[in-house]
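What follows is one structure encoded as structure tokens, with my remarks underneath.
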Amino acid sequence: MADAGSSSLRLTVFGDGGHVLNEHHSESPPSKGATQALRQLLKEGPPPAAAGHRIVHGGPELRSHTLLDDAVRARLTQLADLAPSHVPQALTVVDAARDLLPGVPHVACFDTVFHSGLTAAAKEYAVPADWRHTYGLRRYGFHGLSYAWALARTAELLGRRPEQLHLVMVHLGGGCSACAVRDGRSVDTTMGFTPLEGLVMSRRSGSIDPGALTWLLTRKNLPANEIEDVLNRRSGLLGLSGTSGDTRDLVRSRTAGDERAALALDVFTHQCRRGIAGMAASLSRLDALVFTGEIGEDQPEVREEVCAGLSVFGLTGGLRPLVAERPEIVSEPGARVPVVVIPTGEAQQINVETRALLDRG
Ligand SMILES: Nc1ncnc2c1ncn2[C@@H]1O[C@H](COP(=O)(O)OP(=O)(O)O)[C@@H](O)[C@H]1O
Ligand SMILES: CC(=O)OP(=O)(O)O
Ligand SMILES: [Mg+2]
């Protein structure tokens with residue numbers, strides 16, 4: 001299973017029971033090196049029966065996980081522009097894997113599928129019809145593989161069925177988003193047309209006033225590609241702190257008195273609370289708040305600062321400050337709203353979806 005993120009590449013080989021047989025993880029964007037990493041992984045174990053790929057954007061047409069044949073591969077080229085920090089990178093891995101494993105089925109698993117049932121109210125932007133129709137401007141939502149995995153694990157942990165749950169889930173990693181799950185389905189999410197909208201991220205700005213962008217373009221003559229680069233690669237925690245896009249560094253620097261690190265974390269957690277509060281507006285009760293993603297699982301300070309500021313929803317601080325290696329409830333027993341941490345399972349969910357698709361024939 002291949003998960004090509006914006007800043008990392010994860011290749012995982014799963015056995016029949018869903019256990020991990022072998023993996024490769026690099027903290028640099030996948031590029032030509034993908035072929036070498038893949039070749040090495042294939043050398044180390046028995047040949048796989050199938051390959052699954054995380055593709056962040058399915059665009060308007062690819063609304064379910066699907067066999068990745070030549071026609072689908074051609075469509076993916078067309079929609080790569082919608083997520084330029086993700087899809088082109090994933091396609092280098094897809095191409096390397098299809099070259100090295102020509103005889104096995106390849107499956108494309110999309111981040112957007114989990115949100116494919118968003119209502120018009122949740123998915124439309126308030127712009128004229130010709131923009132919506134001519135350019136296809138609408139909200140899609142991302143991190144769906146992560147949310148699908150976290151939803152299933154949360155249901156197991158709480159002893160309920162997914163269809164019984166009203167949850168707010170946050171995926172905090174390189175990219176960050178929040179999602180409202182009502183009766184087991186996504187009904188709202190903070191990311192939109194691209195994975196740039198919404199929460200503050202590691203190096204991405206999240207939402208800023210669109211008026212600021214047109215002002216920079218027209219009054220300050222900033223080139224569009226510079227704006228795109230700054231918002232996608234030089235903003236977020238990194239842009240605010242000036243030193244790091246990693247909360248582990250920032251929590252340390254803040255303790256040592258670095259005011260910019262403190263500001264970065266304050267803005268990050270403030271926007272995260274706003275995102276959670278916005279998602280709660282689509283629910284009629286809150287059965288749990290779920291943290292996943294790398295920051296969600298390994299940064300207890302962030303969880304604490306987010307939850308301590310959400311007493312209006314019945315959440316409190318005083319959470320267990322652990323680095324999660326398995327699904328855990330970190331709130332106190334009897335808490336009005338349980339706070340749950342689920343280790344990120346994007347690769348595991350690709351494995352689940354790939355097998356399900358191939359089993360259906
Ligand atoms: N507390 C943290 N733990 C792990 N990664 C973090 C943390 N804070 C920020 N990050 C950033 O999140 C990214 C890791 O997320 P990952 O999902 O593997 O990357 P990608 O952005 O490729 O999806 C890295 O870019 C890392 O710098
Ligand atoms: C959609 C998205 O932002 O993905 P990632 O967090 O892997 O960058
Ligand atoms: Mg990621």
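Tabulated data for the structure shown
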item	result
Residue among 302, 251 that alone is hydrophobic (A, V, I, L, M, F, W, C) and out of contact with any Asp or Glu (no Cβ under 8 Å at 6 or more places or on another chain)	302
First in the range 41-55 and hydrophobic (A, V, I, L, M, F, W, C), second anywhere and modelled with pLDDT under 90 and crowded, with 16+ Cβ neighbours inside 10 Å, Cβ under 9 Å, 6 or more apart	55/4
Helices (runs of 4 or more DSSP H) contained entirely in the range 267-361, each with at least 3 residues that are within 16 Å of ligand 3 (Cβ to nearest atom) and more than 24 Å from residue 123 (Cα to Cα)	293-298, 346-359
Residue 232 part of a helix (DSSP H, G or I) and over 23 Å from residue 317 (Cβ atoms)	yes
Residue list for the range 333-346, filter: of a type in the set (Gly, Ala, Ser), touching a residue at least 12 places away in the same chain (Cβ under 8 Å) and farther than 18 Å from residue 156 by Cβ	335
Failed item, numbered, when residue 99 is tested on (1) acidic (Asp, Glu); (2) farther than 28 Å from residue 137 by Cβ; (3) assigned to a loop (DSSP other than H, G, I, E, B)	(3)
Verdict on residue 160 being away from ligand 3 (no atom under 16 Å from the Cβ), within 14 Å of residue 327 (Cβ to Cβ), in a loop (DSSP other than H, G, I, E, B) and touching a residue at least 12 places away in the same chain (Cβ under 8 Å)	yes
Among (1) open to solvent by less than 70 Å² (accessible area, probe 1.4 Å); (2) out of contact with any Cys (no Cβ under 9 Å at 6 or more places or on another chain); (3) under 30 Å from residue 333 (Cα atoms) - the single one residue 156 does not satisfy	(1)
Some residue of the range 231-239 being under 30 Å from residue 286 (Cβ atoms), in the same structural domain as residue 150 (by TED's automatic domain parsing) and open to solvent by 20 Å² or more (accessible area, probe 1.4 Å)	no
Residue count, the range 240-265 (criterion: more than 16 Å from ligand 2 (Cβ to nearest atom) and part of a helix (DSSP H, G or I))	17
Any hit, the range 126-139, residues being modelled with pLDDT of 95 or more, within 16 Å of ligand 2 (Cβ to nearest atom) and open to solvent by 60 Å² or more (accessible area, probe 1.4 Å)	no
Qualifying positions in the range 1-23 - surrounded by 14 or more Cβ atoms within 10 Å (Cβ to Cβ), in a strand (DSSP E or B) and within 13 Å of ligand 1 (Cβ to nearest atom)	2, 3, 4, 9, 10, 11, 12
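Every residue, every condition in (1) over 30 Å from residue 183 (Cα atoms); (2) away from ligand 3 (no atom under 16 Å from the Cβ); (3) assigned by TED's automatic domain parsing to the domain that holds residue 178, yes or no:
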{"residue": "51", "(1), (2), (3)": "yes, yes, no"}
{"residue": "55", "(1), (2), (3)": "no, no, no"}
{"residue": "65", "(1), (2), (3)": "no, yes, no"}
{"residue": "71", "(1), (2), (3)": "yes, yes, no"}
{"residue": "91", "(1), (2), (3)": "yes, yes, no"}
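The values are calculated or read from the model by the stated rules, or taken from the named source; none is laboratory data. Treat the numbers as computed from the prediction; the structure is a model and nothing was measured. As a convention, Cβ positions derive from the backbone with ideal geometry for all residues, glycine included, and neighbour counts pool all protein chains shown. Surface accessibility is based on the protein's heavy atoms, side chains included, excluding ligands, DNA and RNA. Shrake-Rupley method; radii C 1.70, N 1.55, O 1.52, S 1.80 Å.
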